[in-house]
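**Q** Let me give you the structure first, and then I'll get to my questions.
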Amino acid sequence: LLVGSVNPSPAADTEEGFTTIFDGKTFTDWKTSIDNTNTWKIEDGAFVTRGQTAHVFYNRDTNAFKNFELKIDVMAEPNSNGGIYFHTAYQERGFPRAGIECQGNVSQTDWIKTGSLYGLCNIGLTPCKDNQWWTQHIIVSGRKVTVKIDGKTILEYNQPPVSLEGRGKRLGQGTFAFQAHDPKSVIRYKKIRV
């Protein structure tokens, strides 16, 4: 699903210096993967995962984000797993191969919890609670990624210099995406601003 561009929300609805990139009502400027097209819903101003694994990608200025600050209000139901990808690119099926995932997981069995940079810098505890909104704030500056939850820094990751092999998840540039991990996971993403 791809629809034309939309104007950012009025200034009263945004934080100073941030632009809202989701209107809370439509998929305008967002594109879902085609593997499970019925997974993503919009309810009460939020993207909601309800179904099989699928992703929704920001589809405007798709390669524009290198150094940025991204804030998202997130809520997970018990035993749910999700993620926020950055420096990624649209992909029709499967988990995104490009970019880095910032985990959203309070109580699901995966030990890697909310705020982790999945596979790069993993934390086993989370300051979040199921069924309560939190603000996940991702800051990328050069080779440094900072993740804050409700204003508190929970990790700082400094990407090492590129190895000769060049393997693994690397910072670069790209767009954003949200993950619907599995049919039992219900995650909400709203007030998306950059």
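**Q** Counting only heavy atoms of the protein chains, get the accessible area per residue of the range 97-140 (1.4 Å probe) and round it to a whole Å² value.
**A** Heavy-atom SASA per residue in the range 97-140 reads 43 Å².
**Q** Still on this structure, I have one more. Once you've got the Cα coordinates, tell me which of Lys129/Lys169; Lys71/Lys169; Lys148/Lys184; Lys31/Lys169; Lys113/Lys152 are over 19 Å apart.
**A** Too far apart for the 19 Å limit: Lys129/Lys169; Lys71/Lys169; Lys148/Lys184; Lys31/Lys169.
**Q** Tell me, what is the percent relative contact order of the range 54-194, built from C-alpha pairs under 8 Å that lie six or more residues apart?
**A** For the range 54-194, the relative contact order is 39 percent.
**Q** Then there is this: What part of the accessible area of the chain, given as a whole %, is carbon or sulfur when the probe is 1.4 angstrom?
**A** Taking all protein chains in place, the chain shows 48 percent carbon and sulfur surface.
**Q** Of Phe176, Phe86, Gly119, which is farthest along the charge dipole of the chain in the positive direction, counting Lys and Arg as +1 and Asp and Glu as -1 at C-beta?
**A** About the Cα centre, the residue reaching furthest to the positive side is Gly119.
**Q** Now for a separate question. Using the crude model of +1 on Lys and Arg Cβ and -1 on Asp and Glu Cβ, and no other charge, please compute the dipole size for the range 27-168 relative to its Cα centre, in debye to 20.
**A** 320 debye
**Q** Report the net charge of residues surrounding His55, where surrounding means a beta-carbon distance below 13 angstrom and charges are Lys +1, Arg +1, Asp -1, Glu -1.
**A** Every neighbour counted, the sum reads -1.
**Q** For the range 150-160, in order, what is each residue's ³J(HN,Hα) by Karplus, 6.51 cos²θ - 1.76 cosθ + 1.60 with θ = phi - 60°, in whole Hz (x at glycine and Pro)?
**A** With the stated coefficients, the range 150-160 comes to 6, x, 9, 5, 10, 7, 10, 10, 10, 5, x Hz.
**Q** With the dipole of the range 16-148 worked out from charges on the C-beta (+1 for Lys and Arg, -1 for Asp and Glu) around the Cα centre, which of Asn38, Pro96, Thr19 lies farthest toward the positive end?
**A** It is Pro96, whose Cα lies furthest towards the positive end.
The values are calculated or read from the model by the stated rules, or taken from the named source; none is laboratory data. These figures come from a predicted structure and were not determined experimentally. Don't worry about glycine lacking a Cβ; one is built from the backbone with ideal geometry, like all the others, and counts go over all protein chains shown. Calculation scope for accessible area: heavy atoms of the full protein, side chains included, ligands and nucleic acids excluded. Shrake-Rupley method; radii C 1.70, N 1.55, O 1.52, S 1.80 Å.
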